[in-house]
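Written out below as structure tokens is the structure these notes cover.
The values are calculated or read from the model by the stated rules, or taken from the named source; none is laboratory data. All values derive from a computational prediction rather than experimental measurement. Backbone-built Cβ (ideal geometry, glycine too); neighbour counts: all protein chains shown. For accessibility, only protein heavy atoms count, side chains too; no ligands or nucleic acids. Shrake-Rupley method; radii C 1.70, N 1.55, O 1.52, S 1.80 Å.
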Amino acid sequence: MKVLVAGIFHESNTLNPIITQEDDFYYNYGEDFRNFYQQYNSARGIITFFDEKKIETVLSVFARAVPNGRVSQAFFDEIIRTLINDVESNEIDAVVLALHGSMQSEHIEDVEGYILRKIKAVKNLPVFLSLDMHAIITDDIINLSSGIAGYQTAPHIDTYETGYRAAKLAYDFLVNNKQYKISYKRIPLLFAGEMSETNTQPMKKIMEKIKNLESCEIPTITLFMGFPWTDRESNSAVLLITSNANTDVAKIIDDLTEMIFSLRNEFTFSMPTYSVNVAVDLALTSESSPFFISDSGDNPTAGATADNTSLLSVLISKNLNGKKIIYGGFYDPQAIIDLENGKKEINLGGKFDPYSEPVKLDVKVLKYIRSTKLKCDIFLVAYDSLEIIIASKHIGFSDTKPFDELDLDLNDYDIVIVKLGYLTPEFEKFSSENIMALTSGCSNEDLTTIGYKRLQRPIFPIDRI
């Protein structure tokens, strides 16, 4: 018995004009994939399960990038050629894929459905999926998969377990002759992740209910939340169940979806949330240290450009009161070039983001590194008591890696500003107080202000239903 494993993982924000290129991806193949997958927990869960069961795996391609705009069509085509060639040239019994579920290329909207269609066109094999909670569930994903497991936590701390569960579905299908069916129901809801953390209500009670309903007959139940910063017809919450073929789940689906929809007005931000001006004033006058501000409208790990300047503009207009501040950070390759050429006055940000303008700053360079871990050049510059991280590549600020690369200790700062939504557990252990600033940008948290044209309407909270 032999199973092909691959991973193609990207969350594509269609409000962002940047095209995600090949060099934005971490890309591995074959045994290089095996040596590299430890960093990507859904793939690690899949491979670990099959290693434990002594099932032979064919490791194909693994590609992953920080969320951004649509993916380069040329690079995506290259990935698919590699994957389909491996499916065609190997004697395999099933395929298990670690995918996101909200990836788009320049010319293909439903990338995950497209991948499934291409595999099925070559060999009519069972395909099992591990998906992100913020996947956009399409008809092709449902109809062409043999079993689906999705993340059940946000922040996503069960990625390894989800990959493991997807692999178990494949194993039970192949070895124990289990036959599955996928049942689902769309729910006219679309919330940002910052309103649907699973350790806060109402998601906490929803997930507890879901876990209590899972069983040998119903191995996986997932509430997919959709991805709010892309405008697609299939974009909404979806309750999806992979169950044994002879198990009646109709009442479970009806009861769960009714419960979820009835709680729609209870979905609120899980952390204190303020306008930009108020958020900055609160931070500058607080005695808590470090005081965290999330620049939520420009979150690169939600696919924003990471160069929106709305919060920066407000910050530098204030008296910083001698507060030591670190801002992580900005994607600005032109500013990097200017700094490398010795310029002190730079126009920071506002080059890709359609909602803000560049900010002129006279800065002092504190540190410069070429990071092999983050695959980019990084400058740390100072303006007054404000320090700013500037990167030559579109990187995330969801953990301490950029700060660690610069040998920075977050405890040394009075205020830490991160281009992020909800604080991840890695930041929470540093934070004495944290708030979210409702900034403009490609991950704007106020969905009612986004000019959707293709969503199926009505949908809450854009429509009051």
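Can you pull out every residue in segment 429-464 that is touching a residue at least 40 places away in the same chain (Cβ under 8 Å), open to solvent by 60 Å² or more (accessible area, probe 1.4 Å) and over 27 Å from Ile293 (Cα atoms)?
Matches in segment 429-464: Lys453, Arg454, Gln456, Pro458.
Every residue, every condition in (1) outside any strand (DSSP E or B); (2) in contact (Cβ under 8 Å) with a residue 60 or more places away in the chain; (3) of a type in the set (D, E, K, R); (4) farther than 16 Å from Leu131 by Cα, yes or no:
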position	(1), (2), (3), (4)
Phe76	yes, no, no, yes
Ile79	yes, yes, no, yes
Leu97	no, yes, no, no
Ile108	yes, no, no, yes
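Please go through segment 39-57 and give me each residue that is open to solvent by less than 40 Å² (accessible area, probe 1.4 Å) and either assigned to a helix (DSSP H, G or I) or of a type in the set (Gly, Ala, Ser) (or both), ordered by number.
Result: Ser42, Ala43, Gly45, Ile46, Ile47, Thr48, Phe49, Phe50.
Mind counting the residues in segment 279-293 that are assigned to a helix (DSSP H, G or I), open to solvent by 10 Å² or more (accessible area, probe 1.4 Å) and either farther than 14 Å from Gly322 by Cα or charged (D, E, K, R) (or both)?
2
Can you name the condition, by its number, that Ser102 falls short on among (1) under 30 Å from Asp353 (Cα atoms); (2) touching a helix residue (DSSP H, G or I) at 6+ places or on another chain (Cβ under 6 Å)?
Every listed condition holds for Ser102 apart from (2).
Residues are listed down the side, and each one gets a yes or a no for (1) more than 30 Å from Ile260 (Cα to Cα); (2) in a strand (DSSP E or B); (3) within 24 Å of the chain's Cα centre (by Cα):
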{"position": "Ile388", "(1), (2), (3)": "yes, yes, yes"}
{"position": "Pro402", "(1), (2), (3)": "yes, no, yes"}
{"position": "Asp407", "(1), (2), (3)": "yes, no, no"}
{"position": "Asn411", "(1), (2), (3)": "yes, no, no"}
{"position": "Gln456", "(1), (2), (3)": "no, no, yes"}
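Failed condition for Glu426, given (1) modelled with pLDDT of 95 or more; (2) open to solvent by 10 Å² or more (accessible area, probe 1.4 Å), with all others met?
(1)
So, His100, is that one in contact with an Asp or Glu (Cβ under 6 Å, 6 or more places away or on another chain) and closer than 23 Å to Leu144 by Cβ or not?
In short, yes.
Would you check if there is a residue in segment 220-243 being touching a strand residue (DSSP E or B) at 6+ places or on another chain (Cβ under 6 Å) and either free of Cβ contacts under 8 Å to residues at least 24 places away in the same chain or open to solvent by 50 Å² or more (accessible area, probe 1.4 Å) (or both)?
There is no residue in segment 220-243 that is touching a strand residue (DSSP E or B) at 6+ places or on another chain (Cβ under 6 Å) and either free of Cβ contacts under 8 Å to residues at least 24 places away in the same chain or open to solvent by 50 Å² or more (accessible area, probe 1.4 Å) (or both).
Among Ser89, Ser60, which is modelled with pLDDT of 95 or more, of a type in the set (Gly, Ala, Ser) and open to solvent by less than 10 Å² (accessible area, probe 1.4 Å)?
Just a single option satisfies the conditions, and that option is Ser60.
Inspect segment 346-362 for any residue being among the hydrophobic types (A, V, I, L, M, F, W, C), within 28 Å of Arg64 (Cα to Cα) and assigned to a strand (DSSP E or B) and give the result as yes or no.
Checking segment 346-362: at least one residue is among the hydrophobic types (A, V, I, L, M, F, W, C), within 28 Å of Arg64 (Cα to Cα) and assigned to a strand (DSSP E or B).
Within segment 295-307, is there a residue that is touching a residue at least 60 places away in the same chain (Cβ under 8 Å), open to solvent by less than 20 Å² (accessible area, probe 1.4 Å), of a type in the set (A, V, I, L, M, F, W, C) and assigned to a strand (DSSP E or B)?
No, segment 295-307 has no match at all.
Suppose the filter is open to solvent by less than 60 Å² (accessible area, probe 1.4 Å), within 30 Å of Lys360 (Cβ to Cβ) and of a type in the set (A, V, I, L, M); does Val276 pass it?
Yes: the conditions hold for Val276.
Mind checking which residues of segment 194-219 are of a type in the set (S, T, N, Q) and either more than 17 Å from Ala250 (Cα to Cα) or within 21 Å of the chain's Cα centre (by Cα) (or both)?
Passing the criteria: Ser196, Thr198, Asn199, Thr200, Gln201.
Of the numbered conditions (1) surrounded by 17 or more Cβ atoms within 10 Å (Cβ to Cβ); (2) touching a residue at least 24 places away in the same chain (Cβ under 8 Å); (3) within 24 Å of the chain's Cα centre (by Cα), Ser183 satisfies every one except a single condition; which is it?
The one condition Ser183 does not meet is (3).
Here are some residues: Ile137, Ile141. Which one is open to solvent by less than 10 Å² (accessible area, probe 1.4 Å), closer than 24 Å to Arg44 by Cα and in a loop (DSSP other than H, G, I, E, B)?
One residue alone meets the criteria, Ile137.
So, in segment 132-157, of the ones that are modelled with pLDDT under 95 and not β-branched (Val, Ile, Thr), which residue ends up nearest to His100 (Cα to Cα)?
Restricting to residues being modelled with pLDDT under 95 and not β-branched (Val, Ile, Thr), the top hit is His156.
Quick one: how many residues across segment 1-38 are in contact (Cβ under 8 Å) with a residue 12 or more places away in the chain and not in a loop (DSSP other than H, G, I, E, B)?
Residues flagged as in contact (Cβ under 8 Å) with a residue 12 or more places away in the chain and not in a loop (DSSP other than H, G, I, E, B) within segment 1-38 amount to 23.
Could you tell me how many of the residues in segment 6-57 are of a type in the set (Val, Ile, Thr) and over 24 Å from Gly150 (Cβ atoms)?
Final tally of qualifying residues: 2.
Kindly provide the set of residues from segment 203-237 that are of a type in the set (A, V, I, L, M) and farther than 22 Å from Arg70 by Cα, ordered by number.
Answer for segment 203-237, where residues must be of a type in the set (A, V, I, L, M) and farther than 22 Å from Arg70 by Cα: Met203, Ile206, Met207, Ile210, Leu213, Ile218, Ile221, Leu223.
Scan segment 431-454 residue by residue and report those that are among the aromatic types (Phe, Trp, Tyr) and over 22 Å from the mean Cα position of the chain (by Cα).
Residues satisfying the conditions do not exist here.
Check Ile417 against each of (1) open to solvent by 30 Å² or more (accessible area, probe 1.4 Å); (2) within 22 Å of Leu380 (Cα to Cα); (3) of a type outside the set (D, E, K, R) and name the one condition it does not meet.
(1)
State all residues of segment 11-37 that are polar (S, T, N, Q) and either closer than 16 Å to His107 by Cα or crowded, with 18+ Cβ neighbours inside 10 Å (or both); if no residue qualifies, say none.
Of everything in segment 11-37, those that are polar (S, T, N, Q) and either closer than 16 Å to His107 by Cα or crowded, with 18+ Cβ neighbours inside 10 Å (or both) turn out to be Ser12, Asn13, Thr14, Asn16, Thr20, Gln21, Asn28.
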